[in-house]
1. Given the structure, is B:A149 not in a strand (DSSP E or B) and not assigned by TED's automatic domain parsing to the domain that holds B:L6?
2. Quick one: in region B:125-148, of everything that is within 14 Å of DNA strand C (Cβ to nearest atom) and among the small types (G, A, S), which residue is surrounded by the fewest Cβ atoms within 10 Å (Cβ to Cβ)?
3. Condition first: closer than 21 Å to A:A106 by Cβ and free of Cβ contacts under 8 Å to residues at least 24 places away in the same chain. Can you find one or more residues in region A:21-29 that meet it?
4. Pick out the one residue from A:I91, A:I50 that is buried (at least 21 other Cβ atoms within 10 Å of the Cβ) and outside any helix (DSSP H, G or I).
5. Can you name the strands (runs of 3 or more DSSP E) wholly within region A:158-233 that have at least 2 residues being away from chain B (no Cβ under 14 Å) and open to solvent by 50 Å² or more (accessible area, probe 1.4 Å)?
6. So, B:L126, is that one assigned by TED's automatic domain parsing to the domain that holds B:I72 and either hydroxyl-bearing (S, T, Y) or within 17 Å of the chain's Cα centre (by Cα) (or both) or not?
7. Looking at this structure, is B:F151 more than 11 Å from chain A (Cβ to nearest Cβ), open to solvent by 10 Å² or more (accessible area, probe 1.4 Å) and under 20 Å from the mean Cα position of the chain (by Cα)?
8. All but one of (1) part of a loop (DSSP other than H, G, I, E, B); (2) touching a Gly at 6+ places or on another chain (Cβ under 8 Å); (3) open to solvent by 60 Å² or more (accessible area, probe 1.4 Å) hold for A:Q61; which doesn't?
2 protein chains.
Amino acid sequence: MLARRLRAAGSLSTMDEVMLSRLHWDVVDIPAKTDFLKEGDRPNRCCLLIDGLIIRSNFTQGGERQIQSVHIPGDMPDLQSLHLKQMDHYIGTVSPCRVAFISHDAILRTLERSKDLTARFWRETLIDAALYRAIIVRNARLGSTERLAHFICEMWCRFDAVGLTDASGFPFAMTQEMVGQVLGLSIVSVNRSMQLLRAEGLVVWDRGRIDILDWDRLAGLGQFDPTFLHLDD
Amino acid sequence: MLARRLRAAGSLSTMDEVMLSRLHWDVVDIPAKTDFLKEGDRPNRCCLLIDGLIIRSNFTQGGERQIQSVHIPGDMPDLQSLHLKQMDHYIGTVSPCRVAFISHDAILRTLERSKDLTARFWRETLIDAALYRAIIVRNARLGSTERLAHFICEMWCRFDAVGLTDASGFPFAMTQEMVGQVLGLSIVSVNRSMQLLRAEGLVVWDRGRIDILDWDRLAGLGQFDPTFLHLDD
DNA sequence: CGACCCTTTGAAAGGAATCAACTTATGTGG
DNA sequence: CCACATAAGTTGATTCCTTTCAAAGGGTCG
């Protein structure tokens, strides 16, 4: 899973493949809606999401949650903890998740022996940052329906990049309330925007699954340009 | 300048200091309001800001600018280009800037010889990402005046961390319109929020200089917690 | 002095939030 | 298998904050 993801930036050397395959992973199942990393924590390991959805979020003093990123299988949502010791946010599951943990020490020992692997792990964190930048623009400058369209396009592309889409759709376990916490919108706005997209024949979102009916118009509406995903440079 | 910044995460070894001091920098002056890196560019060098203010921004299809980050002396605003080949945003000056360029090759050759320096450069990009995350929460969940207060607190802390503050304030060359492009607000809202902060006796912003009169109340209003800056882990 | 840029002000319009139901799924136990 | 409880989605009415529009001050610099 990890090797497949890292190969998105070009093939790995045989030695790097071997080193990755020898890493000791601790596979754990985590129930839905569980924050397993909290603000202030100082973890000594990272996780690789194998199955499920994970969100990164923070709270205002009033207790409102803002989701900063949504992670899909193949992502390492807390890779930044390798060099930023203290967590400044929460990491939690949306749906029941299978997660593989690996110690910081093991990663660091492996990276010491391959500058190419170091570059690829570093690059993964840089792509995370590119997604944040796109989110800042989307949430500040697009209207509610455009934001939702953009978000759905992003999710499609990322699911597609790891082979988790079928002909027209992908599984998507978030609620409308959570999507509101991603986009900085109320649940009512998300609902109405979704109805617009549905009425226009662009998207169907039903029972944990999104199907895209008209990619071109959806991407046009959301001003979606996949460059920021850096799926291939 | 760079060494000072990197030392924020602990002292450097003598060998690392020597390697840094031997890097060849190309020092250039860039006039105000100039985007010297554009979306789609594939730069082969990075820059270190020595003096002035630099912004990272993107545009909607309607031509509205959203500023994603503000960079102050000591920052390397385009360090991500080391491993993300294609620019997905613009980098430009606010005020006249002095910038030192260094080739990717030179950085990579240096980092190959020091895993500690690699970690510190990597960490710089991770802190950038932490700032983006804080911006996502701030711009989505805080009201206009709170956003402005939070932004001013962030700027103060970062200027202070590189020794560019005096007793109560720091130089700040942005216009209200630009701050609006940072916070996702209209210039009118920025102006009115600023008047509120001024009337409350929290901040004075006049002629390219910000002075903070009441840090505690300002930070309280902006729900500002400097943890996300990772100034010391 | 005048042009230009930036700040400030007032009034009106608009989009999203909020509030408060109601409806539809999902799930549990009797 | 149905009764009930709970979670998620839907709807309408109202309120509020921010934007937009338009114009007037204020500084700075050639």
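The values are calculated or read from the model by the stated rules, or taken from the named source; none is laboratory data. None of these values were measured; they are calculated from a predicted model. Cβ placement follows ideal geometry from the backbone for every residue including glycine, while neighbour counts extend to all protein chains displayed. Note: accessible area is taken over every heavy atom of the protein model, side chains too, but ligands, DNA and RNA are not part of it. Shrake-Rupley method; radii C 1.70, N 1.55, O 1.52, S 1.80 Å.
1. On the way: not in a strand (DSSP E or B): yes; not assigned by TED's automatic domain parsing to the domain that holds B:L6: yes.
Here the answer is yes, as B:A149 does meet what is asked.
2. B:G143
3. Yes, some residue in region A:21-29 is closer than 21 Å to A:A106 by Cβ and free of Cβ contacts under 8 Å to residues at least 24 places away in the same chain.
4. Details: A:I50 fails: buried (at least 21 other Cβ atoms within 10 Å of the Cβ).
It is A:I91.
5. Working: elements: A:169-171, A:203-206, A:209-212.
Qualifying strands (runs of 3 or more DSSP E): A:203-206.
6. Working: assigned by TED's automatic domain parsing to the domain that holds B:I72: yes; either hydroxyl-bearing (S, T, Y) or within 17 Å of the chain's Cα centre (by Cα) (or both): yes.
Against the criterion (assigned by TED's automatic domain parsing to the domain that holds B:I72 and either hydroxyl-bearing (S, T, Y) or within 17 Å of the chain's Cα centre (by Cα) (or both)), B:L126 qualifies.
7. Details: more than 11 Å from chain A (Cβ to nearest Cβ): yes; open to solvent by 10 Å² or more (accessible area, probe 1.4 Å): no; under 20 Å from the mean Cα position of the chain (by Cα): yes.
So B:F151 fails the test.
8. (2)
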